[in-house]
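Undergrad: First, the structure itself, so that you have it in front of you.
What follows draws every value from the coordinates through simple rules; no lab data is involved. Source: prediction; values computed, not measured. Quick reminder, even Gly has a Cβ in these numbers, built from the backbone with ideal geometry, and neighbours come from all protein chains shown.
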Amino acid sequence: MTKYIYILFSLLVLTSCSQYQKALKSDQVDFKNEVFTKLYEKGKYAKAIRLFEQYATTMRGKPNAEQVFFMYSKALYNTKQFYSAGYQFESFAANYPRSIHAAEAAFLGAECYAKLSPIYSLDQVDTYKALDKLQAFADKYPNSEFLPKANAIVKELNEKLELKAFEIAKQYYTTGEYFHNYNTAIKSFDNFILDFPGTKFKEDALFYKFSSSYQMAVLSVPAKKLERLNEAKNLYNNLIKYKADTKFLDQANKMLETVDRELKQYTN
């Protein structure tokens, strides 16, 4: 019995392959389209794509063009060809605005850019493009079933931008002593907190601001030392006001002792 099942399966595979080869060589659009649909439905997206791209231009304006172009876009998406898929989905949404697939195409087109968004340390051009396109999708389809997923992706992308901004500011801090970047670090953390007021890195940012200010104060020339010591103390107070039991408490208190000790010299 197993032998007959294997033979039957082999015949089906050979028939499928034979149809695909025939369709590639055929000049009949209807036949090509029939084989393309079968390949798509079986999940053989790479073959479906290759076949469709042979006759895509002849499908413009045909009654079934809408469905076929949507399937082609999905095939590109399913094979992770996100640049091409994004373009095709956007083109589909523009050409078939009344289609039942229009909202899905607009969402998937935007999602393709999110899929192309790299790790936070790299250039985030595609991340910003994705956010713009997801916002455009939300504005056009505010009641879409895809909106919750779009919002989740926006949150994820914003968190990536948040992490990148934090790490850039932190880099100024870690290189401060060697490249005189402590002042730049403070400004960067200020901008970071303004740009991401609800950030989970706020405690860290406030500590690194204080630490940067502390380093500037203890390394300062005499003419600017008093002002910088007072500024460091203010930033310590900001940290404690935000989180009294901060994870940086021991480090911060040791720095504050040094600041207070040096401030006494000016009081005396």
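Undergrad: When only DSSP loop residues count, what trypsin sites (Lys or Arg not before Pro) in the stretch 76-158 have their Cβ near at most 13 other Cβ atoms within 10 Å?
TA: Loop-located and lightly packed - 80, 98.
Undergrad: State, to one decimal in nm, how far the label point of residue 149 lies from the label point of residue 60, with both points 7 Å from Cα in the Cβ direction.
TA: 3.0
Undergrad: Follow-up. At most 15 other Cβ atoms within 10 Å and a DSSP loop assignment: could you name the trypsin sites (Lys or Arg not before Pro) in the stretch 169-257 that fit?
TA: Hits after loop and neighbour filter: 200, 243, 247.
Undergrad: Over every pair of different alpha-carbon atoms in the stretch 175-268, take the mean of 1/r and invert it; report that Kirkwood radius in Å.
TA: 13.6
Undergrad: Also, I was wondering about something else. Could you state, as a whole-number percent, how many of the C-alpha pairs of the chain are farther apart than 23 Å?
TA: 67
Undergrad: Moving on to the next point. Under 16 Å Cα to Cα from residue 225, which lysines show up? Leave out anything in the same chain fewer than 8 places away.
TA: Once the sequence-local lysines are set aside, what remains near residue 225 is 233, 264.
Undergrad: On a C-alpha basis, how far is the centre of the stretch 24-76 from the centre of the stretch 82-126 in Å? Whole number, if you could?
TA: A separation of 20 Å, based on Cα centres.
Undergrad: Quick one: of 62/129; 74/155; 133/243; 160/247, which pairs are farther than 27 Å apart, Cα to Cα?
TA: Table pairs above 27 Å Cα-Cα are 62/129; 133/243.
Undergrad: From the helices alone, meaning DSSP H stretches of at least four residues, give me the mean residue ellipticity at 222 nm for the chain, per-run term -39500 (n - 2.57), in deg cm²/dmol to the nearest 500. Please list the in-between numbers first.
TA: Working: 13 runs with 210 residues, N = 268.
The per-residue figure over the chain is -26000 deg cm²/dmol.
Undergrad: Where in the stretch 131-174 are there GluC sites (Glu not before Pro) that are in a DSSP coil and have at most 12 other Cβ atoms within 10 angstrom of their Cβ? Walk me through the numbers before you get to the answer.
TA: On the way: sites: 145, 156, 159, 162, 167; in loops: 145.
Those satisfying the criteria are 145.
Undergrad: If you don't mind, another one. With a Cα-only, solvent-free Debye model of the stretch 30-143, what are the log10 I(q)/I(0) values at q = 0.18, 0.21 Å⁻¹?
TA: Evaluating at q = 0.18, 0.21 Å⁻¹ gives log10 I(q)/I(0) of -0.89, -1.10.
Undergrad: Between residue 183 and residue 21, what length comes free when the chain is fully extended (0.36 nm per residue of separation minus the Cα-Cα distance, one decimal in nm)?
TA: Between residue 183 and residue 21, full extension yields an extra 51.6 nm.
Undergrad: Further question: Arrange 173, 20 by Cβ neighbour counts within 10 Å, fewest through most, would you?
TA: Fewest-to-most Cβ neighbours within 10 Å comes out as 20, 173.
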